[in-house]
Amino acid sequence: MAQQTKQRGMFIVIEGLDRSGKSTQAARLVEHLQKDGIDAKLIKFPDRTTSIGKTIDSYLRSQSDLDDRAIHLLFSANRWELASSIHQWLASGITLICDRYAFSGIAFSAAKGLPYAWCRSPDIALPAPDLTLFLDITPEKAKERGGYGEERYEKEEMQRKVRDVFGRIGSEMSASRESSWVVVDAGETMDEVEQVIWSHIEPVAKTVLGDVGKLWQDIL
Ligand code: Z5A
Ligand code: MG
């Protein structure tokens with residue numbers, strides 16, 4: 001009897017600025033996929049539950065201080081500690097919706113002044129998303145959503161710099177075609193944003209996916 005191979009899960013990343021609605025849309029997307037009979041799981045970076053994640057959490061809440069390079073490497077290590085699980089989940093047919101990923105790692109550290117290529121380096125060869133949805137919002141519109149919070153980085157000037165670096169990452173990702181990058185206008189209502197996101201998910205769900213790629217592997 002011929003063995004039927006199970007289609008692997010999709011790896012979808014949701015990126016964007018503070019208050020752009022990443023967590024809102026990531027949760028809605030998981031629910032929508034599950035309603036459609038697709039086995040979907042939400043993951044989030046930073047994953048504050050691990051011991052590395054707890055150090056990151058304390059840093060973000062300004063309860064501890066760390067060298068810019070040290071915290072950058074911890075954010076990356078926090079992704080690497082989940083990398084083999086990501087591969088296993090995808091191989092077992094589970095679709096992953098990931099709230100922030102390596103792109104946030106580059107954007108925030110480069111916005112602080114660290115060299116762009118240095119920031120990208122530790123994340124080279126992480127599992128590559130099949131699709132990244134970048135939720136774009138102006139700092140003015142983000143402010144209307146209750147203003148920025150208490151954590152480190154939640155300041156307008158920083159968010160502007162982060163937006164610029166995300167612009168560079170998006171252009172490079174689109175040019176390289178190794179992993180799809182789509183910009184979504186996150187300034188619309190939650191339902192409208194959800195609909196636009198869904199219109200980008202459906203074609204990927206209908207595609208027979210190859211092996212999971214590796215981020216920026218051509219740079220190695
Ligand atoms: N960071 C880093 O430096 N390096 C790294 O490698 C990684 C991260 C992975 C913590 O991230 C910080 O870590 C972050 C980047 C840095 N610093 N900053 N800034 P986080 O993911 O834990 O926190 P966050 O994502 O920045 O914050 P957030 O507030 O959770 O943003 P969000 O998820 O995009 O938004 P939301 O929670 O879905 O929505 C925010 C509010 O807006 C909420 O009241 C919603 O009800 C409302 N909302 C959402 N959508 C809409 C629409 N469409 N209309 C109106 N209102 C809306
Ligand atoms: Mg969030």
Inset, instruction - Determine if segment 151-168 includes at least one residue that is farther than 30 Å from A125 by Cβ and either assigned to a loop (DSSP other than H, G, I, E, B) or aromatic (F, W, Y) (or both). - result: yes
Inset, instruction - Only residues that are among the hydroxyl-bearing types (S, T, Y) and within 16 Å of ligand 2 (Cβ to nearest atom): list them for segment 83-110, please. - result: Y101, S104
Inset, instruction - Within segment 135-145, identify whether any single residue is in contact (Cβ under 8 Å) with a residue 12 or more places away in the chain, in a loop (DSSP other than H, G, I, E, B), surrounded by 18 or more Cβ atoms within 10 Å (Cβ to Cβ) and within 16 Å of the chain's Cα centre (by Cα), and answer yes or no. - result: yes
Inset, instruction - Select from segment 146-169 the residues that are free of Cβ contacts under 8 Å to residues at least 60 places away in the same chain and near ligand 1 (Cβ under 9 Å from one of its atoms) and write down the one among them that is surrounded by the fewest Cβ atoms within 10 Å (Cβ to Cβ). - result: K155
Legend entry - Residue list for segment 179-220, restricted to those being touching a Ser or Thr at 6+ places or on another chain (Cβ under 8 Å), assigned to a strand (DSSP E or B) and farther than 12 Å from A128 by Cα: V182
Legend entry - Residue match in segment 197-210 (condition: over 26 Å from L60 (Cα atoms), of a type in the set (G, A, S) and buried (at least 18 other Cβ atoms within 10 Å of the Cβ)): no
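For E188, state whether it is away from ligand 2 (no atom under 16 Å from the Cβ), free of Cβ contacts under 8 Å to residues at least 40 places away in the same chain and surrounded by fewer than 14 Cβ atoms within 10 Å (Cβ to Cβ).
Working: away from ligand 2 (no atom under 16 Å from the Cβ): yes; free of Cβ contacts under 8 Å to residues at least 40 places away in the same chain: yes; surrounded by fewer than 14 Cβ atoms within 10 Å (Cβ to Cβ): no.
It is false that E188 is away from ligand 2 (no atom under 16 Å from the Cβ), free of Cβ contacts under 8 Å to residues at least 40 places away in the same chain and surrounded by fewer than 14 Cβ atoms within 10 Å (Cβ to Cβ).
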Inset, instruction - Evaluate segment 8-22: report whether one residue or more is out of contact with any helix residue (DSSP H, G or I) (no Cβ under 7 Å at 6 or more places or on another chain) and surrounded by fewer than 21 Cβ atoms within 10 Å (Cβ to Cβ). - result: no
Legend entry - Residue list for segment 1-35, restricted to those being over 30 Å from G149 (Cβ atoms) and modelled with pLDDT under 95: M1, A2, Q3, Q4, T5, K6, Q7
Inset, instruction - Give L29, L33, L73, L60 a once-over and let me know the one that is within 13 Å of ligand 2 (Cβ to nearest atom) and surrounded by 14 or more Cβ atoms within 10 Å (Cβ to Cβ). - result: L60
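The values are calculated or read from the model by the stated rules, or taken from the named source; none is laboratory data. Quick caveat: nothing in here was measured; it's all calculated off a predicted structure. Heads up, the Cβs are rebuilt from the backbone with ideal geometry, glycines too, and the neighbour counts pull from every protein chain shown.
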